[in-house]
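One structure is given here, and the rest of the page talks about it.
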Amino acid sequence: MDLAVVVLAAGEGTRMKSSLPKVLHKICGRPIISYIINAVQNLNPVKLIIVVGHQKEKVMENLDDGIEVVAQESQLGTGHAVLVVEQYLSDYEGSVLVLSGDSPLIKSETLLELVRLRENSMATAAILTAKLKDPGGYGRIIRHGNEIIRIVEEKDATVDEVKNDEVNSGIYCFDNVKLFDFLKDVKNENQQKEYYLTDVIGVIKDNGEKVVSMMVEDEDEILGINSRRQQAKVDEIMRKRINYRLMDEGVTFIDPDLSFVGPDVIVGKDTVIYPLTFLEGKTSIGEGCEIGPSARLVNATIGKDVKIQNSVISESIVGDGASIGPFCSLRKGTEIKKRAKVGTFVEIKKSEVGVNSKVPHLSYIGDATIGDNVNIGAGSITCNYDGIEKHRTIIEDDVFIGSDTMLVAPLRVHKGAMTGAGSTITLDVPAESLAVERSEQRMVKDYLKKKLKKNNKGEND
Ligand code: UD1
Ligand code: CA
């Protein structure tokens, strides 16, 4: 089956009240238009054209390389938007699927069914329709008996027509050659002075050609996003779809309504997702993990049996059996190896923490390589920045760093060495040695007695 696809994405999206083009607003972390492109790419079209216009550079930046775009320089309506691609489809005969860039819930199977319907019924146009409880804002399908005779936009509809709850999804399949013939007869004599694509249906019918329709089973699929309220509603539906799919694959959600997972995230079976967890980008999580409550993972790669609580992990890797948090931040370029533990109020950046090593409390580790079986005492810090440059700290296997150690980089603490609590270490520490850097403790005898005496004297003055 040959298929061409045109996605309309040139409009401004005035009702969003945004400086960002509408199709770039996000649903579950990904631009609205990306979902539509994915759905149509599953149909392997011979041609896929995105019509861009308003802030077209910004829209194009967000499209994958190799996707063909055509510019509609002034946005004179959906019918006009289709007309601008005519010359790019001039040598194509067959089905053309036309859809809006603002309906991300549409599924490939539904689109395929619509294309088949047109081809099997040898109709000039097939329209996807839906019955909506709240049809407000959508174009209405006008029938004579069973037959569709035209589509009327809400703004141009009569009181009776507005009551009709069968709406136009904005998704159509046409005979490519006939579509462009008939589009030329569409006028802009309406409320908005626009060339409506919807009007081509009336023109097709007036020419005695066949128009068929298919009512979508799940009306959510056709929901368009014109406002922030509709965006929130679609986001909620998409979120459910993603979380329910993961549940079907063996993932537990304590509360799927309060867990936010992106469409490209992978989660292994028997992992439990606690509420207020955000899994974003290309994050992948292995089997048997406990994630959350309250965690944000962005492009994170997490192994098996990992526990993560109240933490933020970005562009980092966590190995099997490791434990992260509560209240920990792993920043870009960090790798926590198997069974390591990173505890409370710890920030780690661009560093490696070895197998079985522990950074349990209140530390900053930056630009460091920590070996296996290392213990970093509470409050210890790698001083990686001298105000001009960043330097590395290397802590070899089996090292014990005493609490509140300042490790001034560049620095190497060799295998099996120790540092005394409260030390500021500026020199490399040889293997199996102890480095202590602090002044000797001084005792002032009878300090309290002396202090009280001094204070009483002060009062009498
Ligand atoms: C459109 C339909 C309406 C249907 C609804 C379904 C028309 C006239 N109306 O209304 O019947 O019920 O979709 O969601 O078609 N666009 C362009 N160039 C333009 C104008 C729009 O590319 O000059 C693009 C927009 O970026 C958008 C799509 O076309 O992705 C639809 O435009 P929009 O303004 O959202 O149309 P609706 O009012 O929702
Ligand atoms: Ca719309």
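The values are calculated or read from the model by the stated rules, or taken from the named source; none is laboratory data. Small disclaimer: the values here were computed from a predicted structure and weren't measured. No Cβ is skipped: glycine too gets one built from the backbone with ideal geometry, and neighbour counts run over all protein chains shown. For the accessible areas, the whole protein counts, side chains as well, though only heavy atoms, and no ligand, DNA or RNA atoms are used. Shrake-Rupley method; radii C 1.70, N 1.55, O 1.52, S 1.80 Å.
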Note to self: Return the residues of the range 185-233 that are in contact with a Lys or Arg (Cβ under 6 Å, 6 or more places away or on another chain), more than 15 Å from ligand 2 (Cβ to nearest atom) and not aliphatic (A, V, I, L, M); say none if nothing qualifies.
What the structure shows: Gln191, Gly202
Notebook entry, point to check: Can you find even one residue in the range 35-44 that is part of a helix (DSSP H, G or I) and either within 10 Å of ligand 1 (Cβ to nearest atom) or within 25 Å of Val152 (Cβ to Cβ) (or both)?
Noted result: yes
Notebook entry, point to check: Of Gly250, Gly292, which residue is assigned by TED's automatic domain parsing to the domain that holds Ser316, surrounded by fewer than 16 Cβ atoms within 10 Å (Cβ to Cβ), modelled with pLDDT of 95 or more and at positive phi?
Noted result: Gly250
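Just to be sure I understand, how many residues within the range 53-107 are in contact (Cβ under 8 Å) with a residue 60 or more places away in the chain and in a loop (DSSP other than H, G, I, E, B)?
Going through the range 53-107, the residues in contact (Cβ under 8 Å) with a residue 60 or more places away in the chain turn out to be 71-72, 75-83, 85-86, 89, 92-107.
From what is left, the residues that are in a loop (DSSP other than H, G, I, E, B) are 72, 75-77, 85, 92-94, 101-107.
Matching residues across the range 53-107 total 15.
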Check: If you scan the range 123-157, which residues turn out to be touching a helix residue (DSSP H, G or I) at 6+ places or on another chain (Cβ under 7 Å) and open to solvent by 70 Å² or more (accessible area, probe 1.4 Å)?
Finding: Lys131, Arg150
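Results for (1) closer than 28 Å to Ile237 by Cβ; (2) open to solvent by less than 60 Å² (accessible area, probe 1.4 Å); (3) away from ligand 1 (no atom under 16 Å from the Cβ), shown as yes or no for each residue.
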{"site": "Val85", "(1), (2), (3)": "no, yes, no"}
{"site": "Tyr88", "(1), (2), (3)": "no, no, no"}
{"site": "Tyr92", "(1), (2), (3)": "no, yes, yes"}
{"site": "Leu99", "(1), (2), (3)": "yes, yes, no"}
{"site": "Ser103", "(1), (2), (3)": "yes, yes, no"}
{"site": "Ile106", "(1), (2), (3)": "yes, yes, no"}
{"site": "Leu111", "(1), (2), (3)": "yes, yes, no"}
{"site": "Arg118", "(1), (2), (3)": "yes, yes, yes"}
{"site": "Ser121", "(1), (2), (3)": "no, yes, yes"}
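With the requirement that a residue be touching a Gly at 6+ places or on another chain (Cβ under 7 Å) and of a type in the set (Ser, Thr, Tyr), what does the range 184-218 give you? Working first, answer last.
Residues of the range 184-218 that are touching a Gly at 6+ places or on another chain (Cβ under 7 Å), as a first pass: 186, 188, 194-200.
Those that are touching a Gly at 6+ places or on another chain (Cβ under 7 Å) and of a type in the set (Ser, Thr, Tyr): Tyr195, Tyr196, Thr198.
Looking at Arg442, Arg392, can you tell me which residue is in contact with a Pro (Cβ under 7 Å, 6 or more places away or on another chain), among the basic types (Lys, Arg) and either in the same structural domain as Ile324 (by TED's automatic domain parsing) or more than 26 Å from Ile336 (Cα to Cα) (or both)?
Details: Arg442 fails: in contact with a Pro (Cβ under 7 Å, 6 or more places away or on another chain).
Going through Arg442, Arg392 in turn, just one is in contact with a Pro (Cβ under 7 Å, 6 or more places away or on another chain), among the basic types (Lys, Arg) and either in the same structural domain as Ile324 (by TED's automatic domain parsing) or more than 26 Å from Ile336 (Cα to Cα) (or both): Arg392.
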Notebook entry, point to check: Among the residues of the range 50-60, how many are away from ligand 2 (no atom under 15 Å from the Cβ) and buried (at least 22 other Cβ atoms within 10 Å of the Cβ)?
Noted result: 3
Note to self: Considering only residues that are more than 22 Å from Arg116 (Cα to Cα) and either of a type in the set (Lys, Arg) or without any contact (Cβ under 8 Å) to a residue 24 or more places away in the chain (or both), which ones fall in the range 163-180?
What the structure shows: Lys163
